[in-house]
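Asks: Mind having a look at this structure? Questions to follow.
The values are calculated or read from the model by the stated rules, or taken from the named source; none is laboratory data. Please read these numbers as outputs of a predicted model, since none were measured by experiment. FYI the Cβ positions are ideal-geometry reconstructions off the backbone, even for glycines, and counts take in every protein chain you see. Protein only, heavy atoms only, side chains kept; ligands, DNA and RNA dropped before computing areas. Shrake-Rupley method; radii C 1.70, N 1.55, O 1.52, S 1.80 Å.
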Amino acid sequence: MKTSTQPNKTKSFPWWALLSGALVAAALILRYVLGYYGELPFILGFIAVGIALWHFRRNRALLLGGVVAFAVFLRFVLRGYGWWAYTLLFITALCLLHRYLPAFWWRIVIILTCIGLVYFAFVESFVIRSARTDKEAQRDYLIVLGAAVNGNDPSLTLIRRLQGALDYLETYPESVAIVSGGMGPGENITEAQAMYNWLCRQGVDSSRIIMEPQATSTEENLRYSFDIIRARGDEPQGHVAIVSSAYHLYRAKTMAQHLGVTDAAGVAAPWGYFFVMLNYFIREAFGVTKLWVLGH
């Protein structure tokens, strides 16, 4: 009696899943147990996702589904990664169009995409060139542009702008700060009040801080602050510096030019998380386009 000798088919151990899980666990421990706020947890998370996507690279449906799931996670779970999510969704859409569009229409999509990328690089050249503190930035007035407040406390973005303002005020002790920003959703006090409180806690004399608590946009930040300067008997032309996030300085200085102040100095706040900053640099291309088209 013959016995069949079928080879034993055993699945290889999913080392990729174990490694991805270990990286995710390490990221969570660093971020939420040890309270580490640097880039490393995010880098570990991206590597874990990359390993998982690489494993499914031959299964188009699973690969694209994984990319979409990761994009949704970036958009709705993490803060400051929304434009990374939109970029991933755009790449996913291109992959689907390549799979299902006729050749003629796919070539049209490629041409339009290339034009869009060239335009994006053109806009970013202006943003990147202005993303630094200008030489000879000393002015009589420093306008601090507002950002979100969490309840009564400045957000991380606003804290970094305030750190830039603090360094400036310590470097130029004769300068006066105008902290500008009204109250938005989820804020218990105005952005101006939150900035005033923070700077006072850091030892800045309250007589060197002027609050502008009405503005709800960058244009209003500048317009209302210029009005305050004129009410004090001065002119903003030749006397104003603007502190904001590095990616935002080109738009802020261009708006100041539209309001008649052509020589405002830019003061770049300290950088935040690298990937978050890149997210906002991506977003800024659309903000600059709106400024060029609509003027605000």
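Asks: Taking the condition outside any loop (DSSP other than H, G, I, E, B), open to solvent by 50 Å² or more (accessible area, probe 1.4 Å) and not small (Gly, Ala, Ser), does residue 132 pass?
Replies: Here the answer is no, as residue 132 does not meet what is asked.
Asks: If residue 66 satisfies all but one of (1) open to solvent by 40 Å² or more (accessible area, probe 1.4 Å); (2) over 25 Å from residue 280 (Cβ atoms), what's the number of the condition it fails?
Replies: Going through (1) open to solvent by 40 Å² or more (accessible area, probe 1.4 Å); (2) over 25 Å from residue 280 (Cβ atoms) one by one, residue 66 breaks only (1).
Asks: Given the condition out of contact with any Pro (no Cβ under 7 Å at 6 or more places or on another chain), among the polar types (S, T, N, Q) and in a helix (DSSP H, G or I), answer yes or no: does some residue in segment 72-93 qualify?
Replies: Yes; the residues of segment 72-93 include at least one that is out of contact with any Pro (no Cβ under 7 Å at 6 or more places or on another chain), among the polar types (S, T, N, Q) and in a helix (DSSP H, G or I).
The rows are residues; the columns are (1) of a type in the set (A, V, I, L, M, F, W, C); (2) in contact (Cβ under 8 Å) with a residue 40 or more places away in the chain.
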residue	(1), (2)
141	no, yes
152	no, yes
157	no, yes
164	no, yes
168	no, yes
184	no, no
189	yes, yes
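Asks: Report, by residue number, each residue of segment 125-149 that is touching an Asp or Glu at 6+ places or on another chain (Cβ under 8 Å) and not small (Gly, Ala, Ser).
Replies: 127, 140, 141, 149
Asks: Might you check whether a residue that is out of contact with any strand residue (DSSP E or B) (no Cβ under 6 Å at 6 or more places or on another chain), more than 23 Å from residue 274 (Cα to Cα), part of a helix (DSSP H, G or I) and of a type in the set (Lys, Arg) occurs anywhere in segment 48-63?
Replies: Yes, segment 48-63 contains a residue that is out of contact with any strand residue (DSSP E or B) (no Cβ under 6 Å at 6 or more places or on another chain), more than 23 Å from residue 274 (Cα to Cα), part of a helix (DSSP H, G or I) and of a type in the set (Lys, Arg).
Asks: If you don't mind, another one. Whether any residue in segment 260-279 is of a type in the set (Val, Ile, Thr) and open to solvent by 50 Å² or more (accessible area, probe 1.4 Å) is what I want to check.
Replies: Yes: one or more hits.
Asks: Return the total of residues in segment 188-215 being surrounded by 14 or more Cβ atoms within 10 Å (Cβ to Cβ) and not aliphatic (A, V, I, L, M).
Replies: Residues flagged as surrounded by 14 or more Cβ atoms within 10 Å (Cβ to Cβ) and not aliphatic (A, V, I, L, M) within segment 188-215 amount to 10.
Asks: Any residue at all in segment 30-43 that's modelled with pLDDT of 75 or more, touching a helix residue (DSSP H, G or I) at 6+ places or on another chain (Cβ under 9 Å), aliphatic (A, V, I, L, M) and under 27 Å from residue 93 (Cα atoms)?
Replies: Among the residues of segment 30-43, at least one is modelled with pLDDT of 75 or more, touching a helix residue (DSSP H, G or I) at 6+ places or on another chain (Cβ under 9 Å), aliphatic (A, V, I, L, M) and under 27 Å from residue 93 (Cα atoms), which makes the answer yes.
Asks: Is there a residue being closer than 28 Å to residue 245 by Cα, open to solvent by 40 Å² or more (accessible area, probe 1.4 Å) and of a type in the set (S, T, N, Q) anywhere in segment 107-127?
Replies: yes
Asks: Next question. Evaluate segment 169-180: report whether one residue or more is surrounded by fewer than 19 Cβ atoms within 10 Å (Cβ to Cβ) and part of a helix (DSSP H, G or I).
Replies: Yes; the residues of segment 169-180 include at least one that is surrounded by fewer than 19 Cβ atoms within 10 Å (Cβ to Cβ) and part of a helix (DSSP H, G or I).
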